[in-house]
Amino acid sequence: MKTSRRLMIAGAGASLLPLHPALAAGLIATPSQTEGPFYPTAFPADMDNDLVQVRGQAARAMGTVLHLEGRVLGLNGRPVDGALIEIWQCDALGIYDHPRQPGRERRDSAFQGYGRLMVRGDGRYSFRTLVPVAYAGRSPHIHVKVASATGSRLTSQFYIAGDPGNERDGVFRGLRDPRQRERVEMRLASAPGVESGALATTMDIVVG
Ligand SMILES: [Fe+2]
């Protein structure tokens, strides 16, 4: 009697094994998006996680400050420890700090344009950057790249949820699944307790 009950329990457990961890946690991966032509060819001297303030400069970048934070998670919902996360974006005038950028000399030199950090053991990351602006042919977006210590690689882009330009943006429109879109849509909120006039958003990044 004892033995058969134990066997029954073992059998019930075994039937759960084929469940993929992603299904068990209910997470879908952040979709991959093109890197685009403006990933830095040379990294700035200051490449910390505060893109609004360049070390050694008094001026703050033009534009609306955005506190972008979240966690880097695996498909199983667990924080990814030891991941390098990078972001890059154009300045408030729509100009990247990049050799292929026409009018680069007019860029806001007080904007860092690129930043990186290693996520902590709890998977958390945070950047102080700008609310992205549109430039010719693209709706506002922030480029993001994650490389985990275990070898996962992801390149994607974050958009502003509800921006009317998104539906005209070929890269964004390439995402058909609304759950994938949700992974890259930033919902902006005011951040009165954090920084006056700034906005904030939380974006968890799920890497496969
Ligand atoms: Fe871009």
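Estimated from helices alone, the mean residue ellipticity of the chain at 222 nm is -4000 deg cm²/dmol (sum of -39500 (n - 2.57) over DSSP H runs with n ≥ 4, per residue).
Remark: C-alpha extents of the chain on the principal axes read 81, 37, 35 Å, sorted largest to smallest. Remark: segment 123-131, residue by residue, has Karplus-estimated 3J(HN,Hα) of x, 7, 9, 8, 10, 9, 9, 10, 4 Hz, where x stands for each Gly or Pro and the curve is 6.51 cos²θ - 1.76 cosθ + 1.60 at θ = phi - 60°. Computed from Cα atoms, the angle from the helix 2-16 axis to the main principal axis of the chain rounds to 30 degrees. Here the Karplus relation 6.51 cos²θ - 1.76 cosθ + 1.60, evaluated at θ = phi - 60°, turns the backbone of segment 178-191 into coupling constants of x, 6, 6, 4, 4, 5, 10, 9, 8, 9, 8, 10, 6, 10 Hz, with x for every Gly and Pro.
Counting only DSSP beta bridges with both residues in the chain, what percent are antiparallel, rounded to the nearest 5? Approximately 75 percent, going by the DSSP bridge assignments. Applying D = kT/(6 pi eta Rh) to segment 91-199, where Rh is the Kirkwood radius over alpha-carbon pairs, T corresponds to 20 °C and eta to 1.002 mPa s, the Stokes-Einstein value obtained is 135 µm²/s.
Just so you know, all these numbers are worked out from the coordinates, no wet-lab data involved. As the structure is a prediction and not an experimental result, all values here were calculated from the model.
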